[in-house]
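Heads up, the thing below is written out as structure tokens.
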């Protein structure tokens, strides 16, 4: 583990967003020697003063302790060669105990110290291939502070990945799922988000990106600033989004059967890209596309199939449609504290469909 990873877990711990696995990982690091170098209240004080990067003396302190332990162990090994029979007779258990303690201490801080070593030398170029991966479980939201201070909110069922050389030339992240980005402006280091559908390049801006692998569409909604969008399947095509604009991309090309259902429109006439305005009510602080950050399940004139994908991630269930006609029903609404049953019952009061809930499976017909 590297110091930035420690800093990231500490930040999530202080904000109450750390998972049980991350909390156990952090407690293990404290028990293994990190707590001996810096008590937890000191670490928290450092983090609050600079949540972006650990202080330089933090890295140096870990290195110094590792070197001291190594030196002391080497001295003990030298003492084992002493020919003084009295010394050997009096102290062998004490020396052995010291060796075991020091060896254990070195093993305990080895992960931290080796990560710092990789960070401070050019003799290990493989460090550039290491990555940080953050996952948000279904039904939850995770907030992340990147090394440059940019903030990212991950929606349920999403994953964010970035390499350890983040910010050397570019600030690159890979996203699977949905996230809201509030990017720190840095003209010398463009911020690039890559999904399975498109790549976005920004300097300093706030925007929402949704690109789940199984969704029929992906979208980028710009709140402020400016972003350049390139399609993965057509990298020569570049689209610039301005504030309050939204780009929707079909993840799959329409089939011949789809064309027939669309009143015999020619295949080449069905657009794969749509540019529209984001939807924001005067009563909301965020557009509908980003209301999930306020724990609101929101949709605006979306068909039931698209809404069902959101509900699956929101309630961590599996939804199966028994009627294709029901999939095409369109709804507009917001839900915050309602249960799965309450949400479906409210939708049912405005449109003709039925539903049945069995454990984590939902059947709609």
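The values are calculated or read from the model by the stated rules, or taken from the named source; none is laboratory data. Note that the structure is predicted; figures quoted are calculated from it, not measured. Quick reminder, even Gly has a Cβ in these numbers, built from the backbone with ideal geometry, and neighbours come from all protein chains shown.
Some points to look at:
- Qualifying residues in segment 319-354 (those that are closer than 19 Å to residue 139 by Cβ and touching a helix residue (DSSP H, G or I) at 6+ places or on another chain (Cβ under 6 Å)) - the one surrounded by the most Cβ atoms within 10 Å (Cβ to Cβ): 319
- Restricted to segment 311-330, and to residues there that are under 23 Å from the mean Cα position of the chain (by Cα) and part of a helix (DSSP H, G or I), the residue that is farthest from residue 341 (Cα to Cα) is 313.
- Among the residues of segment 167-193, the ones that are touching a residue at least 40 places away in the same chain (Cβ under 8 Å), in a loop (DSSP other than H, G, I, E, B) and closer than 24 Å to residue 10 by Cβ come to 1 in all.
- Residues satisfying the stated conditions in segment 135-166, i.e. part of a strand (DSSP E or B) and over 21 Å from residue 291 (Cβ atoms): 135, 145, 159, 161, 162, 163
- Any hit, segment 279-287, residues being under 21 Å from residue 244 (Cα atoms), in a loop (DSSP other than H, G, I, E, B) and at pLDDT 90 or above: no
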